[in-house]
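Presented below is the structure to which this report refers.
The values are calculated or read from the model by the stated rules, or taken from the named source; none is laboratory data. Because the structure is a prediction, the values reported are computed rather than measured. Counting neighbours? That spans all protein chains shown, and the Cβs are built from the backbone with ideal geometry, glycine included. Surface areas here come from the heavy atoms of the whole protein model, side chains and all, with no ligands, DNA or RNA. Shrake-Rupley method; radii C 1.70, N 1.55, O 1.52, S 1.80 Å.
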Amino acid sequence: MNKEKVVVFDTVLTSDSTEFCPISGYESILLCGTYQLKEDAKKIGKAYLFDVSGPWGYSLDNNFSSVDSSAILDLKWSHQAINSKPFFASTCVDGIDVYCLEKNGLDSILGVKKTLSCEMSDSGSSLSLDWSNRLSDITPTLLCTSHSNGNVNIWELRDGGSELFSSLSWKAHSFEAWIVAFNYYSPFVVYSGADDCKFKGWDIRSGTKKEIFSKTFSMGVTTIQCCPFVEHRVVVGSYNEAVCLYDDRAFDKPLAFCETSGGVWRLKWGLNKNFIAVANMEKGFKVLQINDSETSLDIKSSYSEPHKSLGYGIDWMTPKDISSPPLLACSSFYDHLLSLWPPEL
């Protein structure tokens, strides 16, 4: 790794999530979510927005907006524009917030606007979320969220992003449900993982009294993502310091796995079906590579300095074309640091 190319930003509050905007024309817009427990036990947060593009390369100097909120535990962009605008949602200790980007005034300065806020005190903290529209602009647009009481919720986003309707809620796990994710090819299938060491699948068309599968890990399941590049591939991470690649038609045994020497908090597929970015907690950040026959999953690149705390957030910038060099955003917790990392692949 070339340290001279690394760009950093002090988020002041502890940072735990980050994601690049996937909407065409907004690919250089970066989100970072933060969390802080104050002395009076109040949990506060802030969402930072950056335009990382610059005349001399990528930068975190242009923090063009920030939004105060309760403590943020996850945030994600909608992969389809809503009312011709980029939207993102955040899960917080007291519920869900939804925002859009819009250009203000004659000079077209980009700003952020909250379109709705939904408090959920009966479900505990909202821990993670996912959008159903990764691959297509399906109607209605669905959000799924997971919660500290083990619940999973399904929401419908209505009225151009100004109304959130709860369509399903169920007790999915006996402990904190750290992660929830849609199957992007069949958005009626939802995956969840939790501190009860269970990785589960649910078909929301047939009710939620019984999961369609349940797999037990040796430690809590923290991250799940369906591959957006090829069907039937799902990657799962856990506190057990391993990443597993599965065929969603046979979850009994992984196609490949990789030992990461540290707990896995977030996994993000990027560039193509062969590369997965890892927020590797106490071991920093990694990029894993899947071979073409899908029989091995190996560490391709690693990164830790200047981060000195738990790696929690990671995401790929969507390349403008195949010749664009890869870029990752990484965020770590106690040292409240956000950085841009160009991995050598």
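Annotations for the structure displayed:
- Global geometry of region 267-337, whether rounded, prolate or oblate, following the gyration tensor of its Cα atoms and the 1.5 cut on a/c: oblate
- Amide proton proximity set for Trp269, modelled H, under 5 Å, gap of 5+: Ala277
- Distance in nm between pseudo-label sites at Ile212 and Arg158 (7 Å out along the Cβ direction from Cα): 2.6
- Heavy-atom accessible area with a 1.4 Å probe sorts Arg205, Arg134, largest first, into Arg205, Arg134.
- Partners for Lys308 among aspartates and glutamates (Cα-Cα distance below 15 Å; same-chain residues under 8 apart left out): Asp10, Asp16, Glu282, Asp335
- Counting only lysines at least 8 places from Lys85 when in the same chain, those with an alpha carbon closer than 16 Å to its own are Lys76, Lys103, Lys113, Lys114.
- Pairwise label distance in nanometres, Ala41 with Ser323, each label 7 Å out on the Cα-Cβ vector: 6.0
- Annotation: aspartates and glutamates with alpha-carbon distance below 13 angstrom to Lys283 (same-chain offsets under eight excluded): Glu241, Glu259, Glu305.
- Distance between the modelled labels on Thr295 and Asp122, one decimal in nanometres: 5.3 nm (7 Å Cα→Cβ projection).
- From phi via Karplus (6.51, -1.76, 1.60), per-residue ³J(HN,Hα) for region 93-102 in Hz, x at Gly/Pro: 5, 10, x, 10, 10, 10, 10, 9, 8, 8
- Options Gly111, Thr14, Ser69, ranked by Cα towards positive dipole end of region 1-121, top entry (Cβ charges): Gly111
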